[in-house]
There are 4 protein chains.
Amino acid sequence: MSQHKITQAPIPMRLVGPVRIVGDVVDDSVMLPLATYETPLWPSVGRGARVATLAGGIKATLIDERMTRSILLEAADASKALAAWQSISSRIDEMNMVVRESSRFANLINLHNQIVGNMLYIRLEFTTGDASGHNMVTLAAEKLQDWILGEYPELKYTSISANFCTDKKATAVNGILGRGKNVVCELLIPRELCERRLKTTPEAVVDLNIKKNLIGTMLAGGIRSANAHFANMLLAFYLATGQDAANIVEGSQGIVHAEVRNGDLYFSVSLPNLIVGTVGNGKGGSEGLDFVDENLRLIGCREERAPGENARRLAVICAASVLCGELSLLAAQTNPGELMAAHVKFER
Amino acid sequence: MSQHKITQAPIPMRLVGPVRIVGDVVDDSVMLPLATYETPLWPSVGRGARVATLAGGIKATLIDERMTRSILLEAADASKALAAWQSISSRIDEMNMVVRESSRFANLINLHNQIVGNMLYIRLEFTTGDASGHNMVTLAAEKLQDWILGEYPELKYTSISANFCTDKKATAVNGILGRGKNVVCELLIPRELCERRLKTTPEAVVDLNIKKNLIGTMLAGGIRSANAHFANMLLAFYLATGQDAANIVEGSQGIVHAEVRNGDLYFSVSLPNLIVGTVGNGKGGSEGLDFVDENLRLIGCREERAPGENARRLAVICAASVLCGELSLLAAQTNPGELMAAHVKFER
Amino acid sequence: MSQHKITQAPIPMRLVGPVRIVGDVVDDSVMLPLATYETPLWPSVGRGARVATLAGGIKATLIDERMTRSILLEAADASKALAAWQSISSRIDEMNMVVRESSRFANLINLHNQIVGNMLYIRLEFTTGDASGHNMVTLAAEKLQDWILGEYPELKYTSISANFCTDKKATAVNGILGRGKNVVCELLIPRELCERRLKTTPEAVVDLNIKKNLIGTMLAGGIRSANAHFANMLLAFYLATGQDAANIVEGSQGIVHAEVRNGDLYFSVSLPNLIVGTVGNGKGGSEGLDFVDENLRLIGCREERAPGENARRLAVICAASVLCGELSLLAAQTNPGELMAAHVKFER
Amino acid sequence: MSQHKITQAPIPMRLVGPVRIVGDVVDDSVMLPLATYETPLWPSVGRGARVATLAGGIKATLIDERMTRSILLEAADASKALAAWQSISSRIDEMNMVVRESSRFANLINLHNQIVGNMLYIRLEFTTGDASGHNMVTLAAEKLQDWILGEYPELKYTSISANFCTDKKATAVNGILGRGKNVVCELLIPRELCERRLKTTPEAVVDLNIKKNLIGTMLAGGIRSANAHFANMLLAFYLATGQDAANIVEGSQGIVHAEVRNGDLYFSVSLPNLIVGTVGNGKGGSEGLDFVDENLRLIGCREERAPGENARRLAVICAASVLCGELSLLAAQTNPGELMAAHVKFER
């Protein structure tokens, strides 16, 4: 291997499923492409997919979508920072004209601020069509920043990215103000199915979710997160579909909520921060990532649709894969010994 | 593509560097293997590597290493949970005999507990030789749990993994009690080098680190984290070396500390939670992941050494790659316009 | 002492200062009433007040104000929760008519939501005149909840207070979305004054703030907080002015930002969550808390002014007292030995 | 009122109860002294106390106790910081001889560290007899710091208190490593009692606790906390018994865990960070705080006992008051309308 050549890391990949998804964005049965070194993930997600399909399908709801970038400016003092903010935040229409010069897909939808001493943090929130939007919002933020510095000479540049965005860090702001697609997936599993296929009971899953995901994570000092292993499914799905997989850091901050309802198991995953796209970096074409292109096509995310539709479909399928894997692992952990047995079995 | 066949996700990979590292664990110049869809990362880390090498090399210190798993048991009440804990925590030698039956590399080194109501969370801490240790500690935890349930019939099983471990979630416990390798990398960059190669000043980097990484992340509601993009380098390095890359979630919780010292730039990254190994899952051999094997060999992590030495070397090289990429991005962000220009340039 | 009689806990109280405050809300010299068992606080705040006054006064800016309550409702599924939210959030004018029935001071200014599974959390944000507003927003939330349940029979009641408010807990939401008065206080201290009166240098204070308040708190797993002892001043000021002092829990989540500017010390405290009022519970009158009444009058917060003006004045004076105490303690801690000496001296 | 005179803030105080407590530390019926402006707290805690007593009493367990202070030192680099730490942490016996010179009650029991760049944070953990120990550990830390700086001239002083302690801030470290008394209080409430006296069902309380305290606080970005209003009871109890009430900031980070057990309600509060003492600042005597003395005597915390026994008793009674108030409020919130009705009623 010559040291400077571009080569490849061929991560094992498999299509798992199909899983039935029902809802406004997706109403379909889809295979789940998962690329991972942790191959026991495949049968685990597969089991969840079978149970979900037998239970009538995963109900998926897309709650919100936006992509953000924060900039940092400084004024002479807090009073002047506040005055500038009050003026800037009233000029969103003008700002959108600036944004349009940088991209025909970016659309500025909201602003939030933080003032600390004389520093003014502005969080810019955009819709970005079918792109996850990292570069689109950085470019738009640069244009907006130039415009702001021109209009408000009393402000000075500090940073084009100020960690109040926030990208690839586990924080609270993304869940509270939104970043990426916010998707909820729900499933009602009849008791009999729960017992036969998951070898557990609704009560056991609910109990484990409370004691492990909710209380256990809290004891560990977690932040806005209550799940067993969202990160595993996200990584595998992101790698297989050409996403910037470092976004699993915030993507994995999600919540399992489960209840016993009339003897059956209500099981849901809420994922407020899925940063995914069907166009842009790593999505095939000139970069030669044909497998990404093929995977996106296979799951129906390369169709001719209105801007954003393909990306919303992708987010929902991603969230469904998370539900399948989470359900399966939690069920396994209600039974002492099953977790390791599965690992030992599947890794061979 | 047949839907159930195992195929591959061929992520673009490149060797970046070399970078000079000095210290007890590594004293060498190494190339950094980075697999990523975000190809601007390569020149960015490359610039950091050049600067680091010109500055005399990155000083790397391995502070600690351990791998953990938490189990959850229940007693009749808190008083009985406490009594059980007091007894269990006094029998670590006996417990280690149980551990030895499951692995010759696992070694139980410490226990921590949490009692909530009548629930007893026990965090088991092990050294695991050259393996990252996920499976090793799960297996050991299962054996220990069986032993505890046998010795303390007043306790009952709740979960083999209780999120107080904590694996692939961003929490505070791993940084406070330790999980994975804890590595600090430091660099002293002469002002002249800073200005010539990074196009910035020590003062500008220090200022940006405070306002973006420390204050910006805090405003976002971050937890034990202050950096710009540790996650990017970790993902690329983990994928290239066969690691379980979902561990970037906690791995990316690290801290940049920078100071102006006698006019020069002191720049450090502290990474308390690097979960890496040179043997085990995804490390080549029977699974056919030859590229991982090759990369590990190339960076000198396949040598005949005492157990654990190869993995410690790997952790230090990983941390060095993080320093290079972080330094380069922060320097770029001190200059308005440079960030996007770099992205636009390198992505073409 | 008869066991069921109402008696009193007579906490030691003292007027400290005066301190000069300059800004739109307050432009005045005021004494600071501080009730505390920790009597070394008095001379400590007093020193800060003297330095601040000599430096030309504390520049105070009121950034924002609002009071919140969150309610929790449930729909059949996430899709129906989303549909209800979209409708509710478009009817804020109608909702305000409902609010007016419960109070002539409460004004609904914004709504935020969270959807988890089929649960809909709604955060209601109000202005509340001169009251801190705990009861006013609870009453308004009850009226709004009744109205919502009437208009949206597909929703069912879960809780009138759902911890997404959030009252008397340390979280991220209050700082990000606002709760209480958001006040920034700034001071520029000439180097000479810093050295003579605080026995330290601008550089030493800045260095300590970074290493203790910013990095130290982060290492401890803090959330949106970077200060040495905001809680002490807040408690003493809240008790002396009849506030609900349990609100120091979130009130103490604030940030010190300090810099060396042209050789002088820029020192600021940012307090985004001051829950204070000049009317309502514990503010004298029928409850016989005459001392509260007297203290409020003494600091000029009992004047005839437009609704909200007295409360804003109170918040700014409170924040100024925090600056004085924080500055003094940080200065002391730059000198080994001074902290304890002060305690030993003042407690006698 | 002369402006510089020490006067008093006479906070309304009442004895509430009695409540029956059973366990190793307390086996008794006690009145609860509560000083507060929020007078509806009295009947609310009172209702909880009656229910708890009727249910057979609160089972209280003291899990742990310690008081901490962190110091911050710097070495030339991380490697030297690590070497110093390894040596220091092996000399705990010598260090305890130094501690004994500062106090006959302080006893160093453990050390923890954090290394960031070249900085060494050391968390010193002590037992402190019947004192809460703020001053005792500060004094001991100063002595230890002097000793360390003498023994390790390669280290230099940065701060006597480095926020890794951590005092009066909401963080994760205190719950994970311990600070103050760690107390669990449990109660089993027969269904019939729950329905008759609390006007609710076990199922409703359990459901509300999950959705409000666990999930709601998590959504808000809370840290290691799941309760409705621990802060209220803590403030009132701390003020009435002469505690440093600013410690409610971390004290209120506690967890409610409730379950339906055989149709009855298991209800527990876990409070890992109660900073309380029966001697020291504000505890009567020379400072003339006779009411504190009287309250402590009344609840049996002024007896001749082994050092630490009175303080442990105090912590357990404090935690019991928290259980009573939390139970009562949660029960009220399961019924729409009851919360406000109670406030309106009791405040008149």
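The values are calculated or read from the model by the stated rules, or taken from the named source; none is laboratory data. Model, not experiment: these values are computed from the prediction. Cβ sites come from the backbone with ideal geometry, for glycine too, and all protein chains shown count toward neighbours. Ligands, DNA and RNA are stripped out before the accessible areas are found, and what is left, the full protein with its side chains, is counted by its heavy atoms. Shrake-Rupley method; radii C 1.70, N 1.55, O 1.52, S 1.80 Å.
Can you pull out every residue in the range C:42-75 that is buried (at least 20 other Cβ atoms within 10 Å of the Cβ) and of a type in the set (Val, Ile, Thr)?
Matches in the range C:42-75: C:VAL45, C:VAL51, C:ILE58, C:THR61, C:ILE63, C:THR68, C:ILE71.
Just to check your reading of the model, which residue among B:ALA83, B:ALA9 is open to solvent by less than 10 Å² (accessible area, probe 1.4 Å), out of contact with any Ser or Thr (no Cβ under 7 Å at 6 or more places or on another chain) and more than 21 Å from B:VAL269 (Cα to Cα)?
Result of the check over B:ALA83, B:ALA9: B:ALA9.
For the range A:188-214, which residues satisfy the criterion of being within 14 Å of chain D (Cβ to nearest Cβ) and open to solvent by 50 Å² or more (accessible area, probe 1.4 Å)?
A:GLU203, A:ASP207
Here's a check for you: in the range B:156-174, which residue that is open to solvent by 10 Å² or more (accessible area, probe 1.4 Å) and more than 7 Å from chain A (Cβ to nearest Cβ) is nearest to A:ALA226 (Cα to Cα)?
Per the criteria, the residue is B:ASP167.
Any residue in the range D:138-148 that is more than 12 Å from D:ALA106 (Cα to Cα), open to solvent by 40 Å² or more (accessible area, probe 1.4 Å) and in a loop (DSSP other than H, G, I, E, B)?
The answer is no; no qualifying residue exists.
If you check C:VAL22, C:VAL30, C:VAL26, C:VAL16, which single one turns out to be under 29 Å from D:VAL279 (Cβ atoms) and either facing chain D (nearest Cβ under 8 Å) or among the aliphatic types (A, V, I, L, M) (or both)?
C:VAL16
Give A:TYR152, A:TYR121 a once-over and let me know the one that is more than 22 Å from B:LEU329 (Cβ to Cβ), open to solvent by less than 20 Å² (accessible area, probe 1.4 Å), in contact (Cβ under 8 Å) with a residue 40 or more places away in the chain and not assigned by TED's automatic domain parsing to the domain that holds A:VAL19.
Criteria check complete, one pass: A:TYR152.
Please verify whether C:GLU65 is more than 12 Å from chain D (Cβ to nearest Cβ), over 21 Å from the mean Cα position of the chain (by Cα) and closer than 28 Å to C:ASP130 by Cβ, treating the condition exactly as stated.
For C:GLU65, the condition - more than 12 Å from chain D (Cβ to nearest Cβ), over 21 Å from the mean Cα position of the chain (by Cα) and closer than 28 Å to C:ASP130 by Cβ - is not met.
Can you name the residue in the range D:100-156 that is over 27 Å from the mean Cα position of the chain (by Cα) and of a type in the set (Asp, Glu) and, of all such residues, is nearest to B:GLU186 (Cα to Cα)?
D:GLU154
So for the range B:186-197 (the condition being of a type in the set (Lys, Arg), in the same structural domain as B:VAL269 (by TED's automatic domain parsing) and in contact with a strand residue (DSSP E or B) (Cβ under 6 Å, 6 or more places away or on another chain)), does at least one residue qualify?
Among the residues of the range B:186-197, at least one is of a type in the set (Lys, Arg), in the same structural domain as B:VAL269 (by TED's automatic domain parsing) and in contact with a strand residue (DSSP E or B) (Cβ under 6 Å, 6 or more places away or on another chain), which makes the answer yes.
Which condition from (1) closer than 30 Å to C:GLY242 by Cα; (2) of a type outside the set (Gly, Ala, Ser); (3) free of Cβ contacts under 8 Å to residues at least 60 places away in the same chain; (4) open to solvent by 10 Å² or more (accessible area, probe 1.4 Å) is the one that C:ASP93 breaks?
(1)
Return the residues of the range A:119-155 that are within 11 Å of chain B (Cβ to nearest Cβ), more than 14 Å from A:ARG66 (Cβ to Cβ) and out of contact with any Leu (no Cβ under 9 Å at 6 or more places or on another chain); say none if nothing qualifies.
Once the filter is applied, which keeps residues that are within 11 Å of chain B (Cβ to nearest Cβ), more than 14 Å from A:ARG66 (Cβ to Cβ) and out of contact with any Leu (no Cβ under 9 Å at 6 or more places or on another chain), the range A:119-155 yields A:ASN135, A:LEU139, A:LYS143, A:ASP146.
Have a look at A:PRO40, A:PRO10 and point out the one that is in contact with a Lys or Arg (Cβ under 9 Å, 6 or more places away or on another chain) and either closer than 20 Å to B:ALA245 by Cβ or more than 7 Å from chain B (Cβ to nearest Cβ) (or both).
A:PRO40
State all residues of the range A:12-38 that are of a type in the set (Val, Ile, Thr) and touching a helix residue (DSSP H, G or I) at 6+ places or on another chain (Cβ under 6 Å); if no residue qualifies, say none.
Scanning the range A:12-38 gives A:VAL16, A:VAL19, A:ILE21, A:VAL25, A:VAL26, A:VAL30, A:THR36.
Within the range D:215-232, is even one residue more than 20 Å from C:THR166 (Cβ to Cβ), at pLDDT 95 or above and open to solvent by 20 Å² or more (accessible area, probe 1.4 Å)?
no
So, in the range B:289-317, of the ones that are closer than 12 Å to B:MET31 by Cβ and charged (D, E, K, R), which residue ends up most open to solvent (accessible area, probe 1.4 Å)?
Out of the qualifying residues, it is B:ARG297.
Do we find a residue being in contact with a Cys (Cβ under 8 Å, 6 or more places away or on another chain) and either outside any strand (DSSP E or B) or in the same structural domain as D:ALA331 (by TED's automatic domain parsing) (or both) anywhere in the range D:290-307?
No - not one qualifying residue is present in the range D:290-307.
If you check A:ASP264 against the conditions, is it of a type in the set (Asp, Glu), assigned by TED's automatic domain parsing to the domain that holds A:ASP207, open to solvent by 10 Å² or more (accessible area, probe 1.4 Å) and modelled with pLDDT of 95 or more?
So A:ASP264 fits the description; yes.
For the range A:229-244: of the residues being among the small types (Gly, Ala, Ser) and at the interface with another protein chain (Cβ under 7 Å from one of its Cβ atoms), which is nearest to the chain's Cα centre (by Cα)?
Step by step, filter the range A:229-244, then rank; the result is A:ALA231.
When the range D:13-37 is examined, which residues are found to be within 20 Å of C:GLN243 (Cβ to Cβ) and not hydrophobic (A, V, I, L, M, F, W, C)?
Of everything in the range D:13-37, those that are within 20 Å of C:GLN243 (Cβ to Cβ) and not hydrophobic (A, V, I, L, M, F, W, C) turn out to be D:ARG14, D:THR36, D:TYR37.
If you go through the range A:218-237 one residue at a time, how many are closer than 10 Å to A:GLY254 by Cβ and of a type outside the set (S, T, N, Q)?
5
Looking only at the range B:96-110, which residues are in contact with a strand residue (DSSP E or B) (Cβ under 6 Å, 6 or more places away or on another chain) and buried (at least 18 other Cβ atoms within 10 Å of the Cβ)?
B:VAL99, B:ALA106, B:LEU108
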